[in-house]
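Below you'll find the structure, written out as structure tokens, and then a few comments.
The values are calculated or read from the model by the stated rules, or taken from the named source; none is laboratory data. Keep in mind that what you see is a predicted model, and the values were worked out from it rather than measured. Neighbour counts run over all protein chains shown; Cβ positions are idealised from the backbone, glycine included. Accessible surface is based on the protein model in full, side chains and every heavy atom, while ligands, DNA and RNA are left aside. Shrake-Rupley method; radii C 1.70, N 1.55, O 1.52, S 1.80 Å.
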Amino acid sequence: MNASLPVDSARLAGELEELAQFSEAAPPAVTRVLFSEADLAARAWLRARYEEAGLVVRVDPVGNVFARWEGTDPSLAPVATGSHIDAIPNAGRFDGTVGVLGALEAVRALRAAGFQPRRPIEIIQFTAEEPTRFGLGCLGSRLLAGTLAAEQAALLRDPEGRGLEDLRAAAGCTGDLAAVRLPAGACAGFVELHIEQGPILEREGLAIGAVEKIAAPSSARARLIGEGGHAGAVLMPQRHDAGLAAAEIALAVERAARGGGSADAVGTVGVFRVAPGAINSVPHTAWIEIDQRDTNPATLAQARGEVHRAAEEICARRGVQLEWEVINADEPASSAPELVDTVREAARALGLREMPMVSRAYHDTLFMARVCPVTMIFIPCRNGWSHRPDEFAAPSAVAAGVATLAETLRRLAG
Ligand code: GLV
Ligand code: MN
Ligand code: MN
């Protein structure tokens, strides 16, 4: 690796480990839900790291954190980088955190190498990339991009009925949510470092992926209201089992993803609850949450329509009432070709093997693409595993990503 970029891989590995301790789950799992005690403690710990590195910290009304390294020409728009630190239940320690702590290490490496940026460099730590608390992913970046209106965001409630307005106030995030939106020209570019969360780089033996496109995500939730009763006494012809209606819908989600003719189409029912939840009681109500994605917006729209129609048919046939709510239906994003080239050239200059690729997971970059030119830097992770406790990226792989990010920032801010 380029000796002029002194990435301290051991320090970064230590900090990733330290950040993982802020968790509601026992190690090695990490659970860090937006504005939970663990999240607030992690935020405070990170703020101290930014300030230690000489960065000026600002927190916006929804809790997005901006840590800024001033350039020699502060009139220029900053080059931004960053990611998220929230973690879904029983997740690993690398998703998002590599892009936050890695950005900090990139800044420290650039400083240590004597680099002085002309443009400011800003690390953005986005609020709630994960949908755990409010059912909607990329809350912070949606507001930054103006994709989610402040009035809609203010209505968000978590499963316990706690609203975003109360939770952010309790976390010390004040001010009007409408002020989160970034004005036009606020950033000159945005580059997010992230683990791939898929197996391709590892399989190909490559160090770096330069992301050209991010798949379109969409999600919906359904409440199914049937009729409960005694599991022994209610005979099968009399049943209106909400759980079975939900199960049939889950299979329709799989069918739509497999049968739509798009290799990138995926469909998941990752939330499935029934009430009353007793072995000897017919479920009277079921709740499911459906995640559908594709790189092709046309086949995604078709799959979404197919699943909704199937749900209506299944519920009508079973005598179950259906309540359907679309949570989000987002467009795919494309990277700026010149930023993809910059990442690829930066990697090659460091002697790292790279390839262009598609992100099938969503990221805050999806929404930053509406604000400024974007791309992402992917690094390999073991077996492509992510959203599970054994998620792992080797310190050397993380360091290669950080070096590529630092070199990219040097070229963009220099
Ligand atoms: C982000 O975590 C995603 O679900 O793609
Ligand atoms: Mn994630
Ligand atoms: Mn992530």
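Worth pointing out:
The rows are residues; the columns are (1) in contact with an Asp or Glu (Cβ under 7 Å, 6 or more places away or on another chain); (2) on the phi < 0 side of the Ramachandran plot; (3) not in a loop (DSSP other than H, G, I, E, B).
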{"position": "301", "(1), (2), (3)": "no, yes, yes"}
{"position": "326", "(1), (2), (3)": "no, yes, yes"}
{"position": "340", "(1), (2), (3)": "yes, yes, yes"}
{"position": "347", "(1), (2), (3)": "yes, yes, yes"}
{"position": "362", "(1), (2), (3)": "no, yes, no"}
{"position": "367", "(1), (2), (3)": "no, yes, yes"}
{"position": "376", "(1), (2), (3)": "yes, yes, yes"}
{"position": "386", "(1), (2), (3)": "yes, yes, no"}
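- The residues of the range 196-211 that are closer than 10 Å to residue 355 by Cβ and open to solvent by 40 Å² or more (accessible area, probe 1.4 Å), listed by number, are 200, 204.
- Residues (free of Cβ contacts under 8 Å to residues at least 60 places away in the same chain and either within 16 Å of ligand 1 (Cβ to nearest atom) or among the acidic types (Asp, Glu) (or both)) located in the range 161-198: 165, 166
- Out of 82, 71, 92, one residue alone is surrounded by fewer than 23 Cβ atoms within 10 Å (Cβ to Cβ), among the small types (Gly, Ala, Ser), in contact with a strand residue (DSSP E or B) (Cβ under 8 Å, 6 or more places away or on another chain) and at pLDDT 95 or above. It is 71.
- Screening the candidates 14, 54 for the property of being open to solvent by 30 Å² or more (accessible area, probe 1.4 Å), at pLDDT 95 or above, in the same structural domain as residue 347 (by TED's automatic domain parsing) and on the phi > 0 side of the Ramachandran plot yields one hit, 54.
- Here residue 258 meets each of (1) surrounded by 21 or more Cβ atoms within 10 Å (Cβ to Cβ); (2) farther than 30 Å from residue 156 by Cβ; (3) of a type outside the set (Gly, Ala, Ser) with one exception, condition (1).
- Total residues in the range 24-37, condition open to solvent by 30 Å² or more (accessible area, probe 1.4 Å) and assigned to a loop (DSSP other than H, G, I, E, B): 4
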